[in-house]
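Chemist: This is the structure I have questions about; it appears just below.
The values are calculated or read from the model by the stated rules, or taken from the named source; none is laboratory data. The structure displayed is predicted, hence computed values, not measured ones. Using ideal geometry, Cβ is built from the backbone for each residue, glycine included, and neighbour counts are taken over all protein chains shown. Heads up: the accessible areas ignore ligands, DNA and RNA and are worked out on the full protein's heavy atoms, side chains in. Shrake-Rupley method; radii C 1.70, N 1.55, O 1.52, S 1.80 Å.
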Amino acid sequence: MEARARARDKEQGVEAQMFINTNVNAIDAQRNLTLTGMSLSRSVERLSSGLRINRAADDAAGLSISEKLRSQILGTEQANRNAQDGVSMIQTGEGALNEVEKMIQRMHELGVEASNDTLSATDRTNVNAELQQLKSEINSISVRTKFNGKQLLTGSLSTTLGGATATDLVVGDQLTTTAVAAVSAINVANAKAGDTFTFTSTAAGTITLTRSSDSVAQTVAVNAIGANGAQTLDFGTLGVSVTIQANASGKAAADTITDLTAAANDTIVTAAGTGSANFQIGSDASDFINVSFAQLDISASGLAALNTALTNYNGSQTVANAQALITAATGAIDTVNASRSVLGASQNRLEHTMASLGVADENLQASESRIRDADMAAEMVQFTKNNILQQAGTAILAQANQMPQSILQLLR
């Protein structure tokens, strides 16, 4: 019976012997106390930092995701500030154009006045004095209008077509498949400078333009052009538009696509240099828009007729020259209005971008928080448990260390 009891004790791991050198109970209590201490330290760290993940060992996959989210959040927040600065820049340029337009309106008014034969030669000379002062001030505003040192109205922030090679599409190119049409206009004012744009087509009735620097592409529909009609292919995302003018035979959509994707016409190249203003509105390199600030001094192409009319009236204050000034001023007003419209549309776009970035930043931060931040209530529960276990473990270890002292009773 006693032998069976000893065998049963061995099977159940019960040590009947008493040792001094090795206190198994104390070792077991110490091991559990060490584990509890480590868990308590992690709880204290999380409660003090507010983060569930303080190092890669806490959650390697979660850390990787949250770091990428954090990078995107920082980029989005900076992009929002970039958009705000872009709005300020646009407002600066548009405010100057507002004054230019007021001066041209005044020129128009003076032209109407000078066309009336109730004025004497001296009166017309006096009118001319004001006209020439207004002309000088338009040039001065063009030079003075700056944002952070950048001149906005001298044409330095406007992209132009680059050099034409055998494969470049340029104004005047003839599209000759089946029927003849001509490229009547190419607008790259808001495109990235120093880049190449390539035409391709993979589906009937559509054509794709791809920017070589980052492979961003946009596809638009191509329609048939009626007799003597025109069609503008507007790749607004890339800042490029192409206008095609047909002759009396019209132009089929498939033929237009064939001509534009042919090796002789399949690229548009923009001039290298400063180009239009680049606004980085996202955390990725391809998240940008270009805004063109057109040249609007008195020598600019859109104001050339006004400049000529002012020069002619300065040389001879006649009714005919005054009437020519009226016509030129009307055309100049249209030019300034077009430039202001471009800037206004760009400002509206940036303001919508800012709203979108704000929502994106909020959602990204919420996502990052769910992965990385500590649930303080849950951590407090864990901390309380570990704290009690540590206190209990310390007490039990003290009791386990006292157990070998019972052997002294055998030595008495």
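Chemist: Pull up the range 245-260, narrow it to residues that are polar (S, T, N, Q) and farther than 20 Å from Asn187 by Cβ, then point me to the one that is most open to solvent (accessible area, probe 1.4 Å).
Modeler: Per the stated criteria, the residue is Ser249.
Chemist: Between residues in the range 111-140 that are touching a residue at least 12 places away in the same chain (Cβ under 8 Å) and closer than 11 Å to Asn314 by Cα and residues that are among the charged types (D, E, K, R) and in a helix (DSSP H, G or I), which pairs lie under 8 Å by C-beta distance while being six or more apart or on different chains?
Modeler: Listed by first residue and then by second, the contacts come to Val127/Glu113; Glu130/Arg106.
Residues checked against (1) exposed (fewer than 15 other Cβ atoms within 10 Å of the Cβ); (2) in contact with a Ser or Thr (Cβ under 6 Å, 6 or more places away or on another chain); (3) part of a strand (DSSP E or B):
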{"site": "Gly155", "(1), (2), (3)": "no, no, no"}
{"site": "Ala179", "(1), (2), (3)": "no, yes, no"}
{"site": "Ala185", "(1), (2), (3)": "yes, yes, yes"}
{"site": "Ala191", "(1), (2), (3)": "no, yes, no"}
{"site": "Ser215", "(1), (2), (3)": "yes, no, no"}
{"site": "Val220", "(1), (2), (3)": "no, no, yes"}
{"site": "Ala227", "(1), (2), (3)": "yes, no, no"}
{"site": "Thr232", "(1), (2), (3)": "yes, yes, yes"}
{"site": "Thr243", "(1), (2), (3)": "no, yes, yes"}
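Chemist: Which of the residues that make up the range 346-376 are touching a Leu at 6+ places or on another chain (Cβ under 8 Å) and either open to solvent by 70 Å² or more (accessible area, probe 1.4 Å) or over 16 Å from Asn80 (Cβ atoms) (or both)?
Modeler: Ser367, Glu368, Ile371, Arg372, Asp373, Ala374, Met376
Chemist: So which of Glu99, Glu137, Glu94, Glu109 ends up being in contact with a Gly (Cβ under 9 Å, 6 or more places away or on another chain) and either over 15 Å from Ala320 (Cβ atoms) or among the acidic types (Asp, Glu) (or both)?
Modeler: Criteria check complete, one pass: Glu94.
Chemist: Right, here's the next one. Any idea which of Thr210, Thr160 is touching a residue at least 40 places away in the same chain (Cβ under 8 Å) and not hydrophobic (A, V, I, L, M, F, W, C)?
Modeler: It is Thr160.
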